[in-house]
1. Given the options Y99, Y80, name the one that is within 18 Å of the chain's Cα centre (by Cα) and either assigned to a loop (DSSP other than H, G, I, E, B) or of a type in the set (F, W, Y) (or both).
2. Restricting to region 21-42, name every residue that is surrounded by fewer than 11 Cβ atoms within 10 Å (Cβ to Cβ) and in contact (Cβ under 8 Å) with a residue 24 or more places away in the chain.
3. Tally up the residues in region 120-179 that are part of a helix (DSSP H, G or I), among the aromatic types (F, W, Y) and closer than 30 Å to K77 by Cα, please.
4. Consider D86 carefully, then state whether it is assigned to a helix (DSSP H, G or I) and loosely packed, with under 14 Cβ neighbours inside 10 Å.
5. All but one of (1) under 21 Å from K77 (Cα atoms); (2) in contact with an Asp or Glu (Cβ under 8 Å, 6 or more places away or on another chain) hold for L57; state the number of the condition that does not hold.
6. Report, by residue number, each residue of region 1-41 that is in a loop (DSSP other than H, G, I, E, B) and either within 16 Å of L73 (Cβ to Cβ) or small (G, A, S) (or both).
7. For region 43-51, state whether one or more residues are open to solvent by 50 Å² or more (accessible area, probe 1.4 Å), more than 27 Å from the chain's Cα centre (by Cα) and not aromatic (F, W, Y).
8. Determine which member of the set V64, V59 is part of a helix (DSSP H, G or I), out of contact with any His (no Cβ under 9 Å at 6 or more places or on another chain) and of a type in the set (A, V, I, L, M, F, W, C).
Amino acid sequence: LIELEKQIKEIAGVQDFNLDSPKQLGEVLFEHLKIDAKAKKTKTGQYKTDEDTLSKLEVNHPIVGLILNYRSLRKLKSTYVDTLPDLVNAKTHRLHTSYMQTITATGRLSSNNPNLQNIPIRTDKGKEIRRAFIKRDENHSILSADYSQIELRVIAAISKDENMIAAFKSGHDIHAATA
């Protein structure tokens, strides 16, 4: 992160700005570097520097890709690298999430401290963080489940829908069968 920040500031030609400040970053990108003449602003009058906006501008200037990479790494660090060690249980020396069904409006389970549902998998760095989650031993497993399938299985059982039940029993893709 330190190296990326130094590289971004070098390319920007501005050493004294806070890369984590959307206001300051917007000024550097759109007033100093002029990477988009039609830059959009938020209701508060500052330039839009959200991920969607920057992703569209990535072809305009090499600094944008570096900023997106910086943000991605910063989020991984603050969300996982810095916080997961503090969540390790003193007795078991392992992480234990809490599942709650009353938190979400949809009635689905939510996972807190840590939120196991948001552990990244798309990027190489995210996969490295996911590798930290290992089963205790050969007698334990880590389960990954698609909640919508669980809900559809409950619906199939309650409704006694023969087509849905048959799709589940035969191992067909329930989403395709339902569609």
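The values are calculated or read from the model by the stated rules, or taken from the named source; none is laboratory data. Note that the structure is predicted; figures quoted are calculated from it, not measured. Note that each Cβ is placed from the backbone with ideal geometry, even for glycine, and that neighbours are counted across all protein chains shown. Ligands, DNA and RNA are stripped out before the accessible areas are found, and what is left, the full protein with its side chains, is counted by its heavy atoms. Shrake-Rupley method; radii C 1.70, N 1.55, O 1.52, S 1.80 Å.
1. Numbers: Y99 fails: within 18 Å of the chain's Cα centre (by Cα).
Criteria check complete, one pass: Y80.
2. none
3. Residues of region 120-179 that are part of a helix (DSSP H, G or I), as a first pass: 124-130, 147-159, 162-170, 174-178.
Now drop any that are not among the aromatic types (F, W, Y), which leaves 147, 168.
Now drop any that are not closer than 30 Å to K77 by Cα, which leaves 147.
Of the residues in region 120-179, 1 are part of a helix (DSSP H, G or I), among the aromatic types (F, W, Y) and closer than 30 Å to K77 by Cα.
4. On the way: assigned to a helix (DSSP H, G or I): yes; loosely packed, with under 14 Cβ neighbours inside 10 Å: yes.
So D86 fits the description; yes.
5. (1)
6. Looking only at region 1-41, we keep the residues that are in a loop (DSSP other than H, G, I, E, B), and these are 1, 13-21, 33-40.
Those that are in a loop (DSSP other than H, G, I, E, B) and either within 16 Å of L73 (Cβ to Cβ) or small (G, A, S) (or both): L1, G13, L19, D20, S21, A37, A39.
7. In the first step, residues of region 43-51 are kept if they are open to solvent by 50 Å² or more (accessible area, probe 1.4 Å); the result is 43-44, 46, 48, 50-51.
Then drop every residue that is not more than 27 Å from the chain's Cα centre (by Cα), which leaves none.
No, there is no match, as no residue in region 43-51 is open to solvent by 50 Å² or more (accessible area, probe 1.4 Å), more than 27 Å from the chain's Cα centre (by Cα) and not aromatic (F, W, Y).
8. Details: V59 fails: part of a helix (DSSP H, G or I).
That would be V64, the only listed residue that is part of a helix (DSSP H, G or I), out of contact with any His (no Cβ under 9 Å at 6 or more places or on another chain) and of a type in the set (A, V, I, L, M, F, W, C).
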